[in-house]
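What follows is calculated from the coordinates using simple rules that are stated; it is not laboratory data. From a predicted model like this one, the values you see are computed outputs, not experimental measurements. Counting neighbours? That spans all protein chains shown, and the Cβs are built from the backbone with ideal geometry, glycine included.
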Amino acid sequence: QRNTDSFDYSSYHTLEEIYSWMDSLIAEFPDLVSKLTIGSSYEKRPIHVLKFSTGGTNRPAIWLDTGIHAREWITPATGMWTAKKIAQEYGQDPSLTAILNKMDIFFEIVTNPDGYTFTHTTNRMWRKTRSISSGSSCIGVDPNRNWDANFGGPGTSSNPCDDTYKGPFAHSESEVKSIVDFILRHKNVKAMVTIHSYSQMLMYPYGYTSTPTPDADELYAVAKSAVDALGSLHGTKYTFGSMISTIYPASGTTADWGYSNGIKYSFTFELRDTGRYGFLLPADQIIPTAEETWLALMKIMEHVRDHPY
Amino acid sequence: QKLFIGDQVLRITAESHEQIALLQELQGLEHLELDFWREPVRPSLSVDVRVPFASLQPVRVFLQSHGIQYDVMIDNLQVLLDSEMEEMNHSRQR
């Protein structure tokens, strides 16, 4: 597409098309959007992050990422729709404008570029990275079990052939380490939202222990308001709560790492489930999913804006 | 490109922690090459699993012999992927 208006969200797009779309968005909103390359994947594909900023130096920031499990087109599709929405609404929507006048937003739309490409070309159901494990013929690590947050604990697998294989050590995957390095270097990230599909859930730490975080009450309230806002558009019912109480014990996850590293507002989204197709979401549900998710994201981002720490 | 002809996705509803434990046992049977879309955790959460065509019979026998309820959520995954592809091509042409 020559510009981002004509983008067809109901079709899959190659990684190159998504990266080219990112460049188009930057060209259309040059005063707001720029691109950082924070690393490269195992197979040497660049890892790009969109930066939405109205100026200032090292402002407090919100981190968003989509598509860590590559087979779920709905997640990067929602990411692209959301990125466009942020760009379009700045200067139009007073609340988003107030967020961007105070904070930067970093948005990694394709968190697992190798997995995404493999999904496109070889195995539609692939969900891991593509790194090689020594001593095994099985390939890839679950990038959402690879973070240094009770790494290797409950809800992870040590078997390289499993879909929840944690990897040989924390941050062994360059796709994960690139984010870790970026956020630790930045030092001023105040919120981290990682967007997956599908289970219709909004969760906060912890995933590896049932002990509540010191901020559990506040995170509960934020999640509730986000889920209420989300449901107001199409009536989609989300469950929410700490990861371990809502879905299952999971160690080494993005959200737990974020919280453990001082990012209080750390959430994981599981997008819409049709109850029939799972992440093979019908094309006509992609934009409604993105639209309802936007309302929840706004609630989270507004809370972060209004509760500096 | 890998094909998923005859693969089914089952939505399994466990009624007890004992059935969850059985499903976790099933999950450990690597030769079946099951792909758990939603893992067995607790009875209130349904389990979705893609079962390769070659493993359908043993998996169904396992579930039935333990009285574990399931529905076929996707009857033939490749048919769904083909129709998804067709829908996308149509959309692209439009």
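At what distance in nm do the modelled label points of A:Gln285 and A:Asn261 sit from each other, each positioned 7 Å from its Cα along Cα→Cβ?
3.3 nm
Is the shape of segment A:156-236 best called rounded, prolate or oblate, per the rule: a/c under 1.5 gives rounded, else a/b larger than b/c gives prolate, else oblate, with a ≥ b ≥ c the square roots of the Cα gyration tensor eigenvalues?
Numbers: a/c = 1.87, a/b = 1.48, b/c = 1.26.
Prolate, since a/c reaches 1.5 and a/b exceeds b/c.
Give the Kirkwood hydrodynamic radius (Å, one decimal) of segment B:1-49, defined as one over the mean of 1/r across all pairs of different Cα atoms.
Details: mean 1/r = 0.0870 Å⁻¹.
It is 11.5 Å.
How high is the relative contact order of chain A, in percent, with contacts defined as C-alpha pairs under 8 Å that are six or more residues apart? Intermediate results must be reported in sequence, preceding the final value.
Working: 641 pairs, mean separation 62.0, N = 309.
Value for chain A: 20 percent.
Amide H neighbours of B:Trp37 under 5 Å, at least 5 residues apart or on other chains, H built in the peptide plane: list them.
B:Asp48, B:Val49, B:Arg50
Which whole-angstrom value gives the distance between the alpha carbon centres of segment A:283-309 and segment A:1-58?
19 Å
Grab the other residues whose beta carbon is less than 11 angstrom from that of A:Ala170, score K and R as +1, D and E as -1, and report the net.
Values: positive: A:Arg145, A:Lys166, A:Lys177; negative: A:Asp148, A:Glu173.
Net charge in that neighbourhood comes out at +1.
7 Å from Cα along Cα→Cβ at both B:Leu56 and A:Asn3: what's the point-to-point distance in nm?
Inter-label distance under the simple model: 5.0 nm.
Starting with the fewest neighbours, write out A:Thr129, A:Thr211 ranked by other beta-carbon atoms found within 10 Å of each beta-carbon.
By the 10 Å Cβ count, ascending: A:Thr211, A:Thr129.
Relative to the compact globular guide of 2.2 N^0.38 Å, what is the alpha carbon radius of gyration of chain B, as a ratio?
Working: Rg = 15.1 Å, N = 94, 2.2 N^0.38 = 12.4 Å.
With N residues counted in chain B, Rg over 2.2 N^0.38 Å equals 1.22.
Measure off 7 Å from each Cα along the Cα-to-Cβ vector at A:Thr211 and B:Asp75, then give the distance between these two points in nanometres to one decimal.
5.2 nm
Using the 10 angstrom Cβ neighbour count as an exposure proxy, how do B:Glu18, A:Glu173 rank, fewest first? Let's see the in-between values first.
Values: B:Glu18 11, A:Glu173 27.
Listing B:Glu18, A:Glu173 from fewest to most nearby Cβ atoms yields B:Glu18, A:Glu173.
Setting aside same-chain residues fewer than 8 positions from A:Lys237, which lysines have a Cα under 19 Å from its Cα?
Straight-line reach from A:Lys237, under 19 Å: A:Lys224, A:Lys299.
For a distance above 28 Å, tell me the whole-number percent of Cα pairs in chain A that qualify.
Details: 15595 of 47586 pairs.
Roughly 33 percent, once rounded to a whole number.
Give the separation of the Cα centroids, segment B:26-84 to segment A:221-282, in Å.
Segment B:26-84 and segment A:221-282 have Cα centres spaced 24 Å from each other.
Could you tell me the relative contact order of segment B:35-94? Use alpha-carbon pairs under 8 Å, at least six residues apart, and round to a whole percent. Walk me through the numbers before you get to the answer.
On the way: 24 pairs, mean separation 10.2, N = 60.
Normalised by residue count, the contact order of segment B:35-94 is 17 percent.
Taking 30 Å as R0, compute the FRET efficiency from the Cβ-Cβ separation of A:Ser245 and B:Gln64 and round it to 0.05.
Working: r = 32 Å, r/R0 = 1.06.
Working from the Cβ atoms, E equals 0.40.
What fraction, in whole percent, of alpha-carbon pairs in segment A:1-114 exceed 20 Å separation?
Percent of Cα pairs beyond 20 Å in segment A:1-114: 38.
Percent antiparallel among DSSP beta bridges with both residues in the protein assembly as shown, to the nearest 5? All intermediate terms of the calculation are to be shown ahead of the outcome.
Details: 27 of 49 bridges.
DSSP beta bridges in the protein assembly as shown are roughly 55 percent antiparallel.
Build a GNM of chain A with springs between Cα atoms under 10 Å: which of A:Leu280, A:Leu25, A:Leu50 gets the top mean-square fluctuation?
For chain A, modelled as a Gaussian network with Cα springs under 10 Å, the answer is A:Leu280.
Relative contact order of segment A:147-208, please, whole-number percent, based on alpha carbon pairs below 8 angstrom and at least 6 residues apart.
It comes to 29 percent, rounded to a whole number.
Report the calculated FRET efficiency for A:Lys51 and A:Ser95 (r = Cβ-Cβ distance, R0 = 30 Å), to the nearest 0.05. Intermediate values should be presented prior to the final figure.
Numbers: r = 20 Å, r/R0 = 0.67.
The computed FRET efficiency comes out at 0.90.
Rounded to whole Å and sorted largest first, what semi-axes of the equivalent ellipsoid does the C-alpha gyration tensor of segment A:139-273 yield via the square root of 5 times each eigenvalue? Write down the numbers at each step before the final one.
On the way: eigenvalues 118, 60, 38 Å².
After scaling each eigenvalue by five and taking roots: 24, 17, 14 Å.
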